[in-house]
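Structure provided below as structure tokens; questions to follow.
The values are calculated or read from the model by the stated rules, or taken from the named source; none is laboratory data. Treat the numbers as computed from the prediction; the structure is a model and nothing was measured. Cβ coordinates were reconstructed from backbone atoms using ideal geometry, including for glycine residues, and neighbour counts include every protein chain displayed. Calculation scope for accessible area: heavy atoms of the full protein, side chains included, ligands and nucleic acids excluded. Shrake-Rupley method; radii C 1.70, N 1.55, O 1.52, S 1.80 Å.
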Amino acid sequence: MIEILKNFPDNVIALSCEGQVTKEDYDGILVPAILKALSRHDKIRLLYKTSANFTGYAPGAIWEDLKIGVEHPTSWERVAVVTDVDWIVQMMRLLGFLMPCPAKLFPSSEVAQAHAWIIAAS
């Protein structure tokens, strides 16, 4: 499940992932939030947080995640990933350089620092 977090600037999409994330979560929650933000801003920021009970992605969700990046490659200003999930940490370390914007990985214990970084002036 994806939950959009409140009290962030208009150009920041902040979300928390709990349990299993599905294609329906992307289609019904994340994609509309991205399109709404892009209707108001040329570039947006993403704070992507996994909760302690995060179990992973359904196959359709993985495809939707890839599509979002491909369909909007120049729309990202920065991305913060907050997680203690080992495979996500490893993927960020291995493939983070492929991100079309600054991307930073934070352990869950540094969620306040991630919030500060995602809203900081460029």
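Would you point out which residue out of L30, L105, L5, L47 is in contact (Cβ under 8 Å) with a residue 60 or more places away in the chain and in contact with a strand residue (DSSP E or B) (Cβ under 7 Å, 6 or more places away or on another chain)? Walk me through how you get there before you give the answer.
Numbers: L30 fails: in contact (Cβ under 8 Å) with a residue 60 or more places away in the chain; L105 fails: in contact (Cβ under 8 Å) with a residue 60 or more places away in the chain; L5 fails: in contact (Cβ under 8 Å) with a residue 60 or more places away in the chain.
Going through L30, L105, L5, L47 in turn, just one is in contact (Cβ under 8 Å) with a residue 60 or more places away in the chain and in contact with a strand residue (DSSP E or B) (Cβ under 7 Å, 6 or more places away or on another chain): L47.
Need pairs with beta-carbon distance below 8 Å; first residue over 19 Å from Y57 (Cβ atoms) and within segment 87-102, second open to solvent by less than 70 Å² (accessible area, probe 1.4 Å) and in a loop (DSSP other than H, G, I, E, B); sequence gap 6+ or separate chains.
P100/P73
Also, quick follow-up: Quick one: which helices (runs of 4 or more DSSP H) lie wholly within segment 52-122 and hold at least 2 residues that are at pLDDT below 90? Step through it out loud before you land on a result.
Values: elements: 59-71, 86-95, 111-119.
Filter on segment 52-122 gives 59-71, 86-95.
Looking at A80, A112, which is the one that is among the hydrophobic types (A, V, I, L, M, F, W, C) and crowded, with 18+ Cβ neighbours inside 10 Å?
Working: A112 fails: crowded, with 18+ Cβ neighbours inside 10 Å.
Testing whether each residue is among the hydrophobic types (A, V, I, L, M, F, W, C) and crowded, with 18+ Cβ neighbours inside 10 Å leaves just A80.
Same structure again: Is it the case, given these coordinates, that A14 is among the small types (G, A, S), in contact with a Leu (Cβ under 9 Å, 6 or more places away or on another chain) and not in a helix (DSSP H, G or I)?
Details: among the small types (G, A, S): yes; in contact with a Leu (Cβ under 9 Å, 6 or more places away or on another chain): yes; not in a helix (DSSP H, G or I): yes.
Yes: the conditions hold for A14.
Now for a separate question. Open to solvent by 30 Å² or more (accessible area, probe 1.4 Å) and part of a loop (DSSP other than H, G, I, E, B): does that describe D42? Spell out how you get there, then give the answer.
Numbers: open to solvent by 30 Å² or more (accessible area, probe 1.4 Å): yes; part of a loop (DSSP other than H, G, I, E, B): yes.
Yes, satisfied.
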